[in-house]
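See below for the structure under consideration.
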Amino acid sequence: MQILDRINKPSDLKALNKGELEHLAQQIREAIIERVGAIGGHLGPNLGVVEMTIALHYVFNSPIDKIVYDISHQCYPHKMLTGRKEAFTNLEKYKTVTGFTAPEESEHDFFTIGHTSTSISLACGLAKARDIKGDNENIIAVIGDGSLSGGQAYEGLNNAAASGKNIIIVVNDNDMSIAENHGGLYQNLAKLRETRGKAENNFFKALGLDYYYIEEGNDVEALIDGFSKVKDIDHPVVVHVHTTKGKGYQEAEENKESFHWSQPFNLENKATLTNGMPIETYHTIVGDYLLEKAKQDPKVVAITAGTPGSVAVNRVRKELSEQYIDVGIAEEHAVALISGMASQGTKPVFSVLSSFIQRTYDQLSQDLAINHNPAVLLVFGGGITGSGVTHLGNFDIPLISKIPNIIYLAPTNKEELKAMMEWGIDQTQWPVAIRVPSMPVVETGKVIEADFSKLNVYEKTIDGSEVAIVGLGSFYHLGQQVQETLKVEKGIKATLINPRFITGVDKALLNNLIKDHKLIITLEDGALDGGFGEMITRFYGDKDIKVLNFGATKEFTDNVPLEELKERYHLTPELIVSDIIKVLGQ
């Protein structure tokens, strides 16, 4: 009988001896590898904290003692020990839990978390609430060394040190972020590992925090002993634990970055189960372009916030290291950094995921836009779907497009994307953001002039009447399908427009549509509230013409299939045409 079969709640661990705990760790690892191999997920981070998680639940009394996992990349073992093991051992139930902590799943999860560097701040909140209520439970924040590069982690550490009460900060140090770590802090962490926590220069102690070091971070007995020393402590403390990312799976230990998160893969030959993937994607187009542009112009610098593989800067990283910067998990810093660089005539390009641009609103506005510095942002992953509720790409359009001075562009094809990058990097008037399409590559063969200095000038690609379709970015192609369906099925030759600009309206073109059109429809791959379509609707608010906006409802969705969202939001040609006909009264 598997030892894991006997574990239905954390307290069951206390009946196990050392040997059984070690066997349990191996069984948890095997289950994680099987599940990730089947459906994908975070592999390396979870394999590295198996023993740590067992020890935490062995020593502490969850959910009375409250454990907060930073970013949740390492929560799989926690889920297995808190009543959700079948989601890792039963193929049919693999998708019954999310990849992140989720309070709706279990009383042992206190927050839905998927963005980094938040756990210490959240733990400070739990600790203050505990103190106000007069309770005495332990509050534990588990944070990786990579997450310590985020500004909120510093704010949390600073506040925790000042609290003077029980807050236990477990630093899971595997000497890796998603990629390699960057930043001065990591020199101190390395020295602490080298001296087994005895280095005189200690970042955590300098903040006023008590400090313990555990070298054998994948040894259950050492971890239990270490956590037992700080249980019920009456002041803030850091427990610095040295672990191995990908522990127990050779490929993940040797290729830590590649196996941080993995597509489904064959457990025998390690090949990913994504055969037939296109050779050229918008990701590879951006990567190839940035490398060649940087080779031609030494002022061009590619910047990432800890996710180089996801935002097409790996080629610059590998071939032109002096023109590459990884700021760590610090998007806010990255935006201020590129503003400073651009102010001095260099040409910074910050590649960032839509989900993570949300962290930078203040810097986009205050540090970049007000100062009018001509930096470039490439926004990846925008769209109505995402990898879980914490990683949605719905909201970058309302966020960026409403800030003055920033030009936000939406290419519809390969040629436009390259022309927009060329113009954005070389022009000197504006901060420019470009929404990299999230779809298969469309190549038209047309020559697109790399000049978008005439702001907010839309392109009318088909001249028609009665209905005008304004299709933004990747949804321009949906507009093409709607235009064709209207022509074939309803005999309506609709006008089709590629706006290219997210941040403004083409007043001349929109006014001209009034004379021979009854209805304008807008299509955007993002949230409607505060989005592109609302801007068009506002323009027509005092005019005798109707407008329909198609996009996403303002909501958090969690791994909802794309086809389901298309039905929900009426984003199929058939549903859109049906709505058009209803409005026209035909």
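Quick notes
- Hits in the stretch 439-474 - residues which are touching a residue at least 60 places away in the same chain (Cβ under 8 Å), over 12 Å from Glu416 (Cα atoms) and out of contact with any Lys or Arg (no Cβ under 6 Å at 6 or more places or on another chain): Met439, Pro440, Val467, Val470, Leu472
- Which listed residue is within 24 Å of Glu257 (Cα to Cα) and in the same structural domain as Gly246 (by TED's automatic domain parsing), from Glu92, Glu51, Glu22, Glu104: Glu51
- Yes/no for Gly424 being out of contact with any Phe, Trp or Tyr (no Cβ under 7 Å at 6 or more places or on another chain) and at positive phi: no
- Residues in the stretch 512-530 that are without any contact (Cβ under 8 Å) to a residue 40 or more places away in the chain and among the aliphatic types (A, V, I, L, M) were compared, and the one that is surrounded by the fewest Cβ atoms within 10 Å (Cβ to Cβ) is Ile514.
- Test: Lys566 is within 21 Å of Arg435 (Cα to Cα), within 35 Å of the chain's Cα centre (by Cα), without any contact (Cβ under 8 Å) to a residue 24 or more places away in the chain and surrounded by fewer than 17 Cβ atoms within 10 Å (Cβ to Cβ): yes
So that you can scan it fast, the table gives a plain yes or no per residue for (1) part of a helix (DSSP H, G or I); (2) not aliphatic (A, V, I, L, M):
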{"position": "Ile329", "(1), (2)": "no, no"}
{"position": "Glu332", "(1), (2)": "yes, yes"}
{"position": "Gly340", "(1), (2)": "yes, yes"}
{"position": "Gln344", "(1), (2)": "no, yes"}
{"position": "Thr360", "(1), (2)": "yes, yes"}
{"position": "Leu364", "(1), (2)": "yes, no"}
{"position": "Val379", "(1), (2)": "no, no"}
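- Of the residues making up the stretch 137-159, those that are among the hydroxyl-bearing types (Ser, Thr, Tyr) and either over 17 Å from Lys205 (Cβ atoms) or assigned to a loop (DSSP other than H, G, I, E, B) (or both) are Ser147, Ser149.
- Only residues that are at pLDDT 95 or above and surrounded by fewer than 19 Cβ atoms within 10 Å (Cβ to Cβ) were counted across the stretch 290-309, and they come to 6.
- Counting the residues of the stretch 325-369 that are touching a strand residue (DSSP E or B) at 6+ places or on another chain (Cβ under 8 Å) and among the small types (Gly, Ala, Ser) gives 5.
The values are calculated or read from the model by the stated rules, or taken from the named source; none is laboratory data. Quick caveat: nothing in here was measured; it's all calculated off a predicted structure. Cβ sites come from the backbone with ideal geometry, for glycine too, and all protein chains shown count toward neighbours.
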